[in-house]
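Read the structure below first, then the notes.
The values are calculated or read from the model by the stated rules, or taken from the named source; none is laboratory data. Note that the structure is a prediction, hence the values are computed from the model and not measured. A quick note on method: Cβ atoms are made from the backbone with ideal geometry, for glycine too, and the neighbour counts reach across all protein chains shown. Calculation scope for accessible area: heavy atoms of the full protein, side chains included, ligands and nucleic acids excluded. Shrake-Rupley method; radii C 1.70, N 1.55, O 1.52, S 1.80 Å.
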Amino acid sequence: MLKIADKVFRSRLLLGTGKYPSFEIQKEAVEISEAEILTFAVRRMNIFEPNQPNFLEMLDVSKYTLLPNTAGAKTAEEAVRIAKLAKASGLCDMVKVEIIGDDKRVLPDPVETLRASEMLLEEGFIVLPYTSDDVVLAKRLEELGVHAIMPGASPIGSGQGIVNPLNLSLIIEQSSVPVIVDAGIGSPADAAMAMELGADGVLLNTAVSGAKDPVKMAKAMKLAIEAGRLGFEAGRIPKKRYAEASSPMEGMFT
């Protein structure tokens, strides 16, 4: 079970809702993934215009927890304003803090993210900040009181997978709140690796929506995350320099 603040989820897959070829494919992918948390950019949603197309109309929203994100914000103040807009619309009091400080590489701004997280915590939000894989920043965010840490595996939408497994493992090791790997996942192997490192969950979007068959990829990611978590809990064997026979020699007839 994945527990964020007072909310408990069976699925450890958090799924983004952008860039799908159609609402119908998006709906199929969401359903087959069995994800319980769906994230979206508030600025891309027509939350106050009921006559405009809205992917939420395709889903039974009672089955999901909606996780609005503050994509598009450049400052802490902008992020807080976007979060309050989402909350006022009745979507959720849980928010993914996303403040980009480098447009070319789409990297999060650590200073503004820290500021926004503190401000939103004071407002009573459940705060999930998207960060780089900076170990010290992750610790500072946890000390503030955030409810989960969301370090990127690699730049958003790059599909490069986990480029710095050491830092990611150090963040996981030191954290007492859930660590959800966010951004850069490209394949089921990447998702499984994140979970084998001990991550509590994986948030992805482009890896599914940009796949040749998003529905099949959504299912593959679901299974990879489940397998990776089971592998982590089971405990892998240590790596050895030399071979070791799987059948013992003792007691064999000679």
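Here are a few things to note about the model shown:
- Using alpha-carbon coordinates, inclination of helix 23-33 to the longest axis of the chain, degrees: 40
- Cβ charges +1 (Lys, Arg) and -1 (Asp, Glu), total dipole of the chain, debye: 420
- The residues of the stretch 111-205 have, on average, 36 Å² of accessible surface per residue, using a 1.4 Å probe with all protein chains present.
- Hydrodynamic radius of the stretch 138-178 per Kirkwood, over alpha carbon pairs, in Å: 11.0
- Alpha carbon convex hull of the stretch 97-221, volume per residue in cubic angstrom: 99
- Cα centroid separation, the stretch 72-108 to the stretch 178-223: 22 Å.
- All C-alpha pair distances within the chain, sorted into 10 Å bins from zero, spread as 7, 31, 36, 16, 5, 3, 2, 0, 0 percent across the bins.
- Taking only protein heavy atoms and a 1.4 Å probe, the accessible area of the stretch 132-253 is 57% carbon and sulfur.
- When nucleic acids and ligands are ignored and a 1.4 Å probe is applied, Val202 ends up with an accessible area of around 0 Å².
- MRE, 222 nm, helices only [DSSP H, n ≥ 4, -39500 (n - 2.57), over the chain, to nearest 500]: -11000 deg cm²/dmol
- A simple spin-label model places the labels of Ala88 and Ala243 6.9 nm from each other, with each point 7 Å out along Cα-to-Cβ.
- Highest mobility in the GNM of the chain, judged by mean-square fluctuation with C-alpha springs under 10 Å and restricted to Asp200, Asp133, Asp60, is found for Asp60.
- For the chain, the longest principal axis of the alpha carbon atoms and the long axis of helix 135-144 meet at an angle near 50°.
- The residue among Val135, Val97, Ala243 whose Cα reaches farthest toward the positive pole of the charge dipole of the chain, with charges on the beta-carbon of Lys, Arg, Asp and Glu, is Ala243.
- Relative to its Kirkwood radius, the Cα radius of gyration of the stretch 165-254 gives an Rg/Rh of 1.16.
- Against the chain, whose longest principal axis comes from its Cα atoms, helix 76-88 is set at around 80 degrees.
- Solvent-accessible surface (1.4 angstrom probe) belonging to Glu226, in square angstrom, nearest 10: 90
- Heavy-atom accessible area order for Ile237, Ile25, Ile162, largest first, 1.4 Å probe: Ile237, Ile25, Ile162
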